[in-house]
Amino acid sequence: MKTKLVIFGITGDLSRRKLLPALKEIVQSGEFKDLSIVGVSRRDVHVAELVETATNSEILTDLTTIFTMDLARAEDYVRLRHYLDLQEDEQALIYLSVPPSAAADIVDFLGLAGLNTNNVKLLFEKPFGFDLASAQDYIERTGHYYEEAQIYRIDHYMAKEVAAEVIRLRSNAESSEHQWGNVSVASVDIIATEKIGIEDRATFYEETGALRDFIQGHLMQLLSLVLMDLKGPFTISDIASRRFKALEQLNDANPADAKRAQYEGYQEEVKNPGSQTETFASVLLTSNDERWLGTPLRLTTGKNLDHKGSAIVIRYHDGTEDSFAEEKIVAKDSKLPDAYERVLVEAIRGRKYIFTTSPEILRSWEIVTPIQKAWAMDNQPLALYKPGSTIEEIL
């Protein structure tokens with residue numbers, strides 16, 4: 001099937017750093033020969049300069065065209081529909097590499113213009129709302145014009161090799177030395193750390209913080225992979241429903257079991273003295289699933305720490321542990337595909353197991369809502385940590 005990939009925000013940072021380089025690798029693989037790229041922009045763009053600067057290659061130049069439009073004009077979306085001229089044996093992937101507030105409006109315009117037929121798929125970037133109410137509104141607005149099967153919500157951590165490694169291990173867990181559950185497992189830690197601070201994302205980070213940016217999305221999704229029940233007949237397409245079941249069985253977070261902090265110098269960076277935005281967060285969760293009763297489940301993330309990395313650490317009662325660290329897995333095989341390559345390839349194929357569903361999003365927000373409410377009412381200055389600190393020093 002011929003695929004027309006429509007990228008709203010093709011000149012933006014994500015497109016230049018991630019999407020276009022990923023598309024270069026996909027095209028070089030030769031697997032998808034009927035792929036074309038339509039970049040949507042408010043202004044004229046020099047195609048060759050854009051793609052060659054982003055990819056150090058000319059391979060995408062002849063495959064890419066630019067469609068200029070005003071994103072606030074309904075008639076321009078009708079022009080886009082005519083420009084794409086989708087046939088029954090073609091599909092359009094519409095990648096919204098734009099802020100969430102803009103994405104919701106674009107979806108409305110696309111739907112009104114009739115760009116919502118069964119051969120149209122929408123790809124969204126996180127965040128999927130800023131709390132439970134906004135997530136519900138976002139999902140309801142999108143649902144006016146598109147079925148859930150057409151919606152691909154991207155959490156790139158689910159496309160990372162660490163997630164794939166856990167799925168591989170889980171598929172063989174019953175034959176391993178340790179049983180997957182509280183009989184063998186003493187604790188689960190899921191960690192994502194960065195050495196850098198917020199860099200040039202002050203506005204975004206002040207509105208978001210570590211809890212929303214990483215724990216509610218990325219780390220909660222990885223935790224669901226660890227906890228999901230794989231008993232009985234199982235295929236890759238069942239993963240999303242089993243992740244959701246695992247999230248359903250998690251207890252809502254207790255604010256007393258959550259820790260937040262902020263690195264020294266953050267308030268000067270964002271020019272907001274007294275900012276209550278956390279750059280470090282750690283949350284202890286529990287499950288009411290009988291397989292996991294009593295097992296501590298900790299999600300931790302932070303910026304400006306001593307090292308960059310993402311890992312899932314399973315500690316067993318016998319003193320041993322399994323650790324799945326992204327950097328170690330990648331170091332073993334430099335040919336592993338980038339997360340955004342996986343995202344695009346699976347969307348083209350129509351395989352949704354690495355994408356986040358609406359029920360998962362809402363349940364994740366429900367779990368962290370008690371913490372959000374407690375922190376919103378707490379006006380005490382945040383604990384501070386020095387840049388380069390370790391997780392242990394902060395906790």
*Just a yes or no: is a residue in the range 211-221 assigned to a loop (DSSP other than H, G, I, E, B) and out of contact with any Phe, Trp or Tyr (no Cβ under 6 Å at 6 or more places or on another chain)?*
no
*Quick one: is residue 181 out of contact with any helix residue (DSSP H, G or I) (no Cβ under 6 Å at 6 or more places or on another chain), among the small types (Gly, Ala, Ser), touching a residue at least 24 places away in the same chain (Cβ under 8 Å) and not in a helix (DSSP H, G or I)?*
yes
_Whichever residue in the range 267-326 is under 18 Å from residue 186 (Cα atoms) and among the β-branched types (Val, Ile, Thr) and, among such residues, is surrounded by the fewest Cβ atoms within 10 Å (Cβ to Cβ)_ = 320
*Does residue 48 qualify as being of a type in the set (A, V, I, L, M, F, W, C), at pLDDT 95 or above and assigned by TED's automatic domain parsing to the domain that holds residue 112?*
no
*So, in the range 7-29, of the ones that are in contact with a Gly (Cβ under 8 Å, 6 or more places away or on another chain) and not small (Gly, Ala, Ser), which residue ends up surrounded by the fewest Cβ atoms within 10 Å (Cβ to Cβ)?*
11
*Residue check: is residue 321 in the same structural domain as residue 250 (by TED's automatic domain parsing), among the charged types (D, E, K, R) and closer than 27 Å to residue 389 by Cα?*
yes
*Hey, can you tell me all the residues within the range 222-239 that are within 13 Å of residue 163 (Cβ to Cβ) and assigned to a helix (DSSP H, G or I)?*
222, 223, 224, 225, 226, 236, 239
*Is it the case that the range 176-191 has a residue that's modelled with pLDDT of 85 or more, under 17 Å from the mean Cα position of the chain (by Cα), assigned by TED's automatic domain parsing to the domain that holds residue 258 and under 18 Å from residue 302 (Cβ atoms)?*
yes
_Go through the range 30-57 and report how many residues are free of Cβ contacts under 8 Å to residues at least 24 places away in the same chain and loosely packed, with under 11 Cβ neighbours inside 10 Å._
5
*Filtered residues of the range 148-168 (kept if among the β-branched types (Val, Ile, Thr) and surrounded by fewer than 22 Cβ atoms within 10 Å (Cβ to Cβ))*: 151, 166, 167
*What is the one condition in (1) touching a Leu at 6+ places or on another chain (Cβ under 7 Å); (2) modelled with pLDDT under 75; (3) not hydroxyl-bearing (Ser, Thr, Tyr) that residue 159 does not satisfy?*
(1)
_Can you find, within the range 71-123, the residue that is surrounded by the fewest Cβ atoms within 10 Å (Cβ to Cβ) among those that are of a type in the set (S, T, N, Q) and touching a Ser or Thr at 6+ places or on another chain (Cβ under 8 Å)?_
91
*Can you find even one residue in the range 236-253 that is in contact (Cβ under 8 Å) with a residue 24 or more places away in the chain, farther than 28 Å from residue 154 by Cβ and not acidic (Asp, Glu)?*
no
*(1) touching a residue at least 24 places away in the same chain (Cβ under 8 Å); (2) not in a loop (DSSP other than H, G, I, E, B): which one isn't true of residue 204, the others all being true?*
(1)
_more than 19 Å from residue 359 (Cα to Cα), in the same structural domain as residue 388 (by TED's automatic domain parsing) and under 22 Å from the mean Cα position of the chain (by Cα): is that true of residue 248 in this structure?_
no
*Restricting the range 327-341 to residues that are charged (D, E, K, R) and at pLDDT below 90, which is surrounded by the fewest Cβ atoms within 10 Å (Cβ to Cβ)?*
335
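The values are calculated or read from the model by the stated rules, or taken from the named source; none is laboratory data. Fair warning: this is a prediction, and the values are worked out from it, not measured in the lab. With ideal geometry, Cβ positions are generated from the backbone for all residues, glycine too; neighbour counts draw on all protein chains shown.
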